[in-house]
Amino acid sequence: MSILRTAAAAVAATVFASAALAAPAADAPPPGAPAAADFDAGGPDFDRGPGPRGPGPHMGGPGLPFLRGIDLSEAQEDRLFAIMHAQAPQLREQEKAERKALEALDAMRESGRVDDAKAAAQARALGQAIAAQELLRVRTAAQVMALLTPQQKEAIERQRAPRD
């Protein structure tokens, strides 16, 4: 009888252990939410996060990928904050325009009826919003690069250099 109990206990332990490993942890993010690894001390990595167009170089938030590992002075941090804060309203407007155009195009596709003139207008609006965001991203990055010292710029170049 003791062998039967031992076997039953082993099976029960295996089943419970399997269920515990398969179940998400109570503090785990919901499916599709960013993982803890997507965040660093400065906050989420907005530059490479998913957006309406999927993963890509999106501006926003404090994280500029080329600044990783670069120590900024307090004055540089203040100037960086001012640059990012100044571009935020423009970025938001362009993101809203992009989202609105995508939603309109999706609605046409899902309805099964496409008005070519309206679709073309929404496609142009989408392209303009994306182009405006990219121009804003380039201008902002140039402003940030202008506030760096030559040593900080050299460090960025070293990070960009291909590793053998």
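Please treat every number below as a calculation from the coordinates, not as lab data. Note that the structure is predicted; figures quoted are calculated from it, not measured.
Taking the alpha-carbon distance from Lys118 and a cut-off under 29 Å, which lysines remain once sequence neighbours fewer than 8 residues away in the same chain are dropped?
Result set, ordered by chain and number: Lys96, Lys100.
Find the eigenvalues of the gyration tensor of the Cα atoms of segment 72-160, then list the square roots of 5 times those eigenvalues as equivalent ellipsoid semi-axes, largest first, in whole angstrom. Display every interim value, and only then the final one.
Values: eigenvalues 301, 35, 17 Å².
Here the semi-axes work out to 39, 13, 9 Å.
Compute the relative contact order of segment 72-160 as a whole-number percentage, counting only Cα pairs closer than 8 Å that sit 6 or more residues apart in sequence.
Values: 39 pairs, mean separation 34.9, N = 89.
About 39 percent, as a whole number.
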